[in-house]
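Colleague: Mind having a look at this structure? Questions to follow.
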Amino acid sequence: MKKNNALLAATIFSIIIGLSFMFVKITLTYEGQLLILAQRFTFAFLGVLVFCVIKSVSLRLNPRETALVFLISLFYPLIFFSSQILGLDHSTVTEAGIIQATAPAITVLLASLFLKEHIQKIQGIGIFLSIAGVIFLQLMSRSGNYEFHLIGNLLIVVSILATAVYQVMSRSVTQKVSPLQVTIYIIFVGFIFFNSIYFIQNGSLNEYAHSMTKLPYLLSILFLGVLSTAGTSLLSIFAVSKLPVIQVSVFNNLATLITILSGIIILNEPFHYYHIIGAIIIILGVLLVNTHNRPRRIYEKKK
């Protein structure tokens, strides 16, 4: 039952993440990056507070546990959300979605290095193909008469690295700290950090309040704050606490598909032939990465 719940959590997490790229792009047509991040985490924090009121939650951590949680917070939400919104401001949802497909390969690689989850030779080939697909996309953009999004796409790669590190670290930390506690603390860190930066950079309360009078922007921020930030933080960390990181990473494929389709169908973003070729290379790599037997430790003795 716990495994089924974890699989359901990973599925819902992927659907929300897939749609979140589109909603970030929508908010960027209305307001600046700092205000978006500040309000996103304000709503996320309010959502967490409501949850804590409904359900009594112990927030007590020892000094070591507190240090681990704040270390995770450095990668997610701070580095992840900062690089993601900056990347989407200089790229398209479609390209970001295709590059997002490399997330399983990067996660598997990190899981092998730090959690000692075994990588087979075919998975190594898959990791290489996924990275090669991203490089191919960039080279084709540069050689053709197409808009080149190098900086934006590199920032998306940084956000993928950050979330991969977060998932790998969460696998270890949630053996000592409950997923709910970790979620509450990292949301709190994001709330304090991004709101502080916004007001330090001369942000005003009037602008903060007035921006939310625009209905499309308000609905997008609510989705990003409550569902995409607070909701996915809890769902993701719950999933990796019950399942191997490699298995959870498979669900990024669903997020990638939803992201690409939302960019093309809803935002009417351009889609060229080289996007299809690049996507095929990346997806082939992802399929190879996830062609493995049951996860086992490198140091596990052969019987």
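Colleague: Name the one entry in Gln167, Gln175 that is out of contact with any Lys or Arg (no Cβ under 7 Å at 6 or more places or on another chain), open to solvent by 40 Å² or more (accessible area, probe 1.4 Å), at pLDDT below 85 and of a type in the set (S, T, N, Q).
Modeller: Gln175
Colleague: Quick one: which of Thr27, Thr42 is open to solvent by less than 40 Å² (accessible area, probe 1.4 Å), over 20 Å from Asn153 (Cα atoms) and assigned to a helix (DSSP H, G or I)?
Modeller: Thr42
Colleague: Output the number of residues of segment 178-209 satisfying the condition of being closer than 13 Å to Ile72 by Cα and open to solvent by 10 Å² or more (accessible area, probe 1.4 Å).
Modeller: 6
Colleague: Which residue pairs have Cβ atoms closer than 8 Å, lie 6 or more positions apart in sequence or on different chains, and pair a first residue in segment 60-80 that is of a type in the set (D, E, K, R) with a second residue that is surrounded by fewer than 16 Cβ atoms within 10 Å (Cβ to Cβ)?
Modeller: Note: pairs meeting the criteria are Glu65/Lys176.
Colleague: Looking only at residues that are open to solvent by 10 Å² or more (accessible area, probe 1.4 Å) and small (Gly, Ala, Ser) in segment 59-82, which one is nearest to the chain's Cα centre (by Cα)?
Modeller: It comes out as Ser82.
Colleague: Return only the number of the condition from (1) open to solvent by 50 Å² or more (accessible area, probe 1.4 Å); (2) in contact with a Phe, Trp or Tyr (Cβ under 7 Å, 6 or more places away or on another chain) that Leu19 does not satisfy.
Modeller: So Leu19 meets the others, but not (2).
Colleague: Kindly indicate whether Gly263 is within 21 Å of Ile283 (Cβ to Cβ) and touching a residue at least 40 places away in the same chain (Cβ under 8 Å).
Modeller: Yes, satisfied.
Colleague: Residue check: is Thr256 farther than 30 Å from Leu287 by Cβ, part of a helix (DSSP H, G or I) and at pLDDT below 90?
Modeller: Answer is no for this residue.
Colleague: Something else: Can you give me the number of residues within segment 90-115 that are open to solvent by 10 Å² or more (accessible area, probe 1.4 Å), among the β-branched types (Val, Ile, Thr) and in a helix (DSSP H, G or I)?
Modeller: 1
The values are calculated or read from the model by the stated rules, or taken from the named source; none is laboratory data. Source: prediction; values computed, not measured. Cβ sites come from the backbone with ideal geometry, for glycine too, and all protein chains shown count toward neighbours. What goes into the accessible areas is simple: the full protein's heavy atoms, side chains included, and nothing from ligands, DNA or RNA. Shrake-Rupley method; radii C 1.70, N 1.55, O 1.52, S 1.80 Å.
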